[in-house]
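Every read-out reported here was derived from the displayed coordinates using simple, explicitly stated rules and does not represent laboratory data. Source: prediction; values computed, not measured. Cβ coordinates were reconstructed from backbone atoms using ideal geometry, including for glycine residues, and neighbour counts include every protein chain displayed.
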Amino acid sequence: MDQTSAHALYDRFLRGLARSPHGVAIRAGDATLTYRELYDRALIWAGSLLAALPERPAAVGVLAGKGVDAYTGILACLFTGVPMVPLQPSFPVLRTLQMLEAAGAQALIVDAEAATVLEKLRAEGVGLPALLDGPAADGAEGRIVPDPVARLARPRPVAPDDTAYVLFTSGSTGRPKGVPVTHANGAHYFGLLDARYDFGPHDVFSQNFDLNFDCAMFDLFCAWGAGAALVPVPAGAYRDLPGFVAEQGITVWFSTPSVISLIRRTGRLVDGALPSLRWSFFAGEAVTCQDVTDWQQAAPGSAIENLYGPTELTITITRHRWSRETSPRIAVAGVVPIGPVHAGHAWMLLGADGEPDPSEGELCVAGPQLTAGYLDPADDAGRFLDRDGARYYRTGDRVRLGEEGQLLYLGRLDQQVQVRGVRIELAEIDAALRRCPGVEDGVAVPVPSEQGITLAAFHTGERVPPVVLARELSRTLPRAVLPQHFFHIAEFPLNTNRKIDRRALLRRAQELLGRTH
């Protein structure tokens, strides 16, 4: 292995290739690629991409579902040394267009299923060349066909501060914010994980998260760094998840906590139902002690960890190892602790007065996993704090310092919420509502339910039918964060500061939903 590449994110794959050249790297449905097959295929795609472009692109978008083409495309981008931008085919075309423009993407890698999305992008004026494998690519305008003659001899070298990939989070201005993650960010993160876990070629990793979600990078590069197999979990598998886990031989599980209640509702979260699991990880939402207790009974041989971290801090920045004896005792309101901050980082709790508080406040973190800022520097305002010679990211999460240095999650301080693991700025939904024809003003509120957070939207102006509002919002908002309930209101309630009283709207939503359920 080339030691000069040790900081490169693709070095994770090269390590797996050395450990398990003929082992399975990716198994998606009926399609399987070994490490050697995926390596060769990605080098061909990388070389073909570079050969077809007049100059090295600033970024390449990977518009694909969780199939072998998506993983080949991700690896091919990394092999070119060009920043990779994972894109979700199910997202609204206009939102994808915003991401491509913000990232400065100059080419696309598209799988067969996303070819229709590509055509919609073309209709919006996107003329980017696109690599698409298979017969459909032959002779099509703007298509790059993988050519074995163009195969790269080896991955291109990268510098530690080069951007490895760009992920997008919700933005309060009504447009997504791009977060560039460097190879150095990833090297520190995965170096800590290598020291902490015993992953090896014998393991099989689940991949529940969509590829544009940062936790997907955990599965992907932990598996590839260990020479293990990665198995995307199809939607239909949740009807009998224990059966799928057993069939695939999955040993490492990672998902949002909402999956636990989903399996419970199917009646399959029973004692010993998940005997193959060695490790179970949960992130993206607060997880309750009861949920983890039930999961532990179903997976008695598994260690369980609650992970926490915003995209701006490279995937996850804290972890708590579940203990039947101590975790419930430490927990606040039955929510599992998020644990200590990763080694090598400075952190503080910022009180309401803007000064560090020794016991409770907004969690702020500085260190090697902190990304440099957003693609648009204007988005940095209010999210970063310079103090004592260090730059901190303000997470917006209220945290309490518990026993033995364990951090306890208390909730959000701002208007961000997690909906089915997707982080969303309520202000982005508000902005989208105000753009709907007939709407004067709009406000979304998160309503707790047994299934997690649901979103209710209030609007003033004309009485626009909910189906019309939902259709209009779906043009720019991901399906996962579309409000499920719409209510017309003559005027918004105001608090003593003459601002819209969101708490009053939340109470009103709960009353209205209580009447309709």
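Here are a few things to note about the model shown:
- Among (1) 116, 47, 47; (2) 69, 55, 53; (3) 91, 47, 41, the entry that matches Cα extents along the principal axes in Å as calculated here: (2)
- Per DSSP, loop GluC sites (Glu not before Pro) in region 291-332 with at most 10 further Cβ within 10 Å: Glu325
- Kirkwood-type radius of region 309-412, with distances r between different C-alpha atoms, in Å: 14.3 Å
- In region 3-181, a dipole from Cβ-located charges (positive for Lys and Arg, negative for Asp and Glu) runs towards its positive end, and of Ala107, Ser20, Tyr39 it is Ser20 whose Cα lies farthest in that direction.
- Distance between region 92-130 and region 419-497 - C-alpha centres, whole angstrom: 27 Å
- Dipole moment magnitude, nearest 20 debye, region 416-516 about Cα centre, only Lys, Arg, Asp, Glu C-beta charged: 140 debye
- Pairs of Cα atoms nearer than 8 Å and 6+ residues apart set the relative contact order; for the chain it is 12 percent.
- For Ile453, nonlocal amide neighbours, meaning residues 5 or more places apart or on other chains whose placed amide H falls under 5 Å from its own, are Arg420.
- Dipole of the chain, positive direction: furthest Cα of His488, Val417, Phe79, with charges on the beta-carbon: His488
- For the chain, adding -39500 (n - 2.57) for each run of n ≥ 4 DSSP H residues and dividing by the number of residues yields -8500 deg cm²/dmol at 222 nm.
- Region 319-402: trypsin sites (Lys or Arg not before Pro) in DSSP loop, at most 12 other beta carbons within 10 Å: Arg324
- Inter-label distance, nm, simple model (7 Å from Cα along the C-beta direction), Ser323/Ala470: 4.7 nm
- Length added when fully stretched, Ala343-Asp40, from 0.36 nm per residue minus Cα-Cα: 105.5 nm
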